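To keep things clear, I will list the structure first and then write my remarks on it.
The values are calculated or read from the model by the stated rules, or taken from the named source; none is laboratory data. None of the values given here were measured: they were computed from a predicted structure. Ideal geometry is used to build each Cβ from the backbone, glycine not excepted, and the neighbour counts take in all protein chains shown. Accessible surface areas use protein heavy atoms only, side chains included; no ligands, DNA or RNA. Shrake-Rupley method; radii C 1.70, N 1.55, O 1.52, S 1.80 Å.
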Amino acid sequence: MTFRNKFTAIDIYCGSGAVTEGLKAEGIAVLAAVDNDPIACETYRLNHSEVHLCQADIRALNPTDIRANINFSGQLDLLVVCAPCQPFSSQNRKRTPDDPRADLVLESLKFVEEFEPTIVFFENVPGIANSEPLVSLRQKLATLGYFLGEPKNLNAADCGVPQRRERCIMLAARRLDQIEAFYNSITPLPHVTVRQTIGELRQLCSGERDPGDPLHFARKHQSLTLRRLNHIPKDGGSRSSLPAELELECHKGRKNDFPDVYGRMRWDDVAPTLTTGCTDVTKGRFAHPRDNRAISLREAALLQSFPPHYRFFGNSGQIARQIGNAVPVNMIRTLAPALKLCVQTI
Ligand SMILES: C[S@@+](CC[C@H](N)C(=O)[O-])C[C@H]1O[C@@H](n2cnc3c(N)ncnc32)[C@H](O)[C@@H]1O
């Protein structure tokens, strides 16, 4: 295989392949990818069979073997590193300072050493900005001849994703002007709304399926949940509208705790941040703006900007987890021209 004249990338912590999907859509050739989750890897293979996927614990991997397997001797343009964000996430209530996953971001260094990519793109949550591993990452990248740009917070909603999703991005490169060129060429896009994204999908009742789309089905809610949903005003309503007898025991007198639980999305706004519980109304503002039900897996996938043809492996819970963990496809698509530009900066 020859990749001359093609912009090339390696995607580590690739999950179900949303980053790869975004890169490919922008004409970037993904040579290899790494993840250790067997379900996400199965989804990755369904959609990106041409990419050399290493299903392994990255800590046990030798990037030299990957280079040999893909038979690549050219200059790698881009290494993408979307390491697990749970150790740095404010959403993670079980977060501990000694979570061993925090150091996974440092595993990228052996790939930098082996492939010497022109640039390295990091995506994580804003909490990584003040973390110990970031200090080590910066120091160790410097010993390899790379500058690490300052962490920059970016909302996926400003990248053509119909969802509020605050992320932290960073770029490493051998020259500071490349990093500047990247940051300077990111310009916010107009927001895409929930209505524009899922408004045309078939209306569903709790437990109903769209016969034309295996991912568009509504979870079957218990009658108490349905009574609650019936009281939540359409188009953005919240559990604060529930009558006292329908309030959850744990919410009584605590209107400000978990205010999004049982909430509905708003048609003419972006969606809230989708999590791995994105089809469960008890986990956040995941009720449909109009129908008395949680959003379907199809709606969740579209709100993460997966294209409609994207295929997912696994049961409902496993698919929701892959969707919630994904880096939105359109976020990568929007950033891809800036990544290309700074590689061409001479
Ligand atoms: C934030 S998700 C990546 C999302 C992905 N880039 C996408 O586009 O959807 C982090 C990924 O790291 C993977 N991961 C966690 N620990 C790992 C390890 N020790 N080795 C390899 N992959 C790991 C998880 O399985 C998960 O898919």
Notebook entry, point to check: Out of the range 12-54, which residues are among the acidic types (Asp, Glu) and out of contact with any His (no Cβ under 9 Å at 6 or more places or on another chain)?
Noted result: GLU26, ASP35, ASP37, GLU42, GLU50
Notebook entry, point to check: So which residues in the range 254-291 are out of contact with any helix residue (DSSP H, G or I) (no Cβ under 9 Å at 6 or more places or on another chain) and more than 21 Å from VAL192 (Cα to Cα)?
Noted result: ARG254, ASN256, LYS283
Note to self: Out of the residues in the range 312-336 meeting the condition of being over 11 Å from ALA40 (Cα atoms) and assigned to a loop (DSSP other than H, G, I, E, B), tell me which one is most open to solvent (accessible area, probe 1.4 Å).
What the structure shows: ASN315
Notebook entry, point to check: Looking only at residues in the range 64-76 that are touching a residue at least 24 places away in the same chain (Cβ under 8 Å) and open to solvent by 90 Å² or more (accessible area, probe 1.4 Å), which one is nearest to PHE313 (Cα to Cα)?
Noted result: ASN69
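Identify the residue in the range 324-346 that is touching a residue at least 60 places away in the same chain (Cβ under 8 Å) and under 17 Å from LYS283 (Cβ atoms) and, among all such residues, is nearest to the chain's Cα centre (by Cα).
Filtering first and then ranking leaves ALA326.
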Next item on the list: Please work out which residue is nearest to ALA271 (Cα to Cα), limiting yourself to the range 187-223 and to residues that are open to solvent by 30 Å² or more (accessible area, probe 1.4 Å) and of a type in the set (A, V, I, L, M).
Entry: VAL192
Next item on the list: Pairs only if they're at least six apart or on different chains, beta carbon under 7 angstrom, first in the range 119-133 and closer than 20 Å to ARG175 by Cα, second of a type in the set (Val, Ile, Thr) and more than 15 Å from the ligand (Cβ to nearest atom); list them, first residue then second.
Entry: ILE119/VAL343; VAL120/VAL112
Check: Is at least one residue of the range 103-115 in a loop (DSSP other than H, G, I, E, B) and either of a type outside the set (Asp, Glu) or open to solvent by less than 20 Å² (accessible area, probe 1.4 Å) (or both)?
Finding: no
Checklist line | Search result, residues across the range 155-167 that are within 17 Å of ASN130 (Cα to Cα) and buried (at least 20 other Cβ atoms within 10 Å of the Cβ) | finding: ARG167
Notebook entry, point to check: In the set PRO84, PRO100, which member is surrounded by fewer than 16 Cβ atoms within 10 Å (Cβ to Cβ) and either within 13 Å of the ligand (Cβ to nearest atom) or modelled with pLDDT under 95 (or both)?
Noted result: PRO100
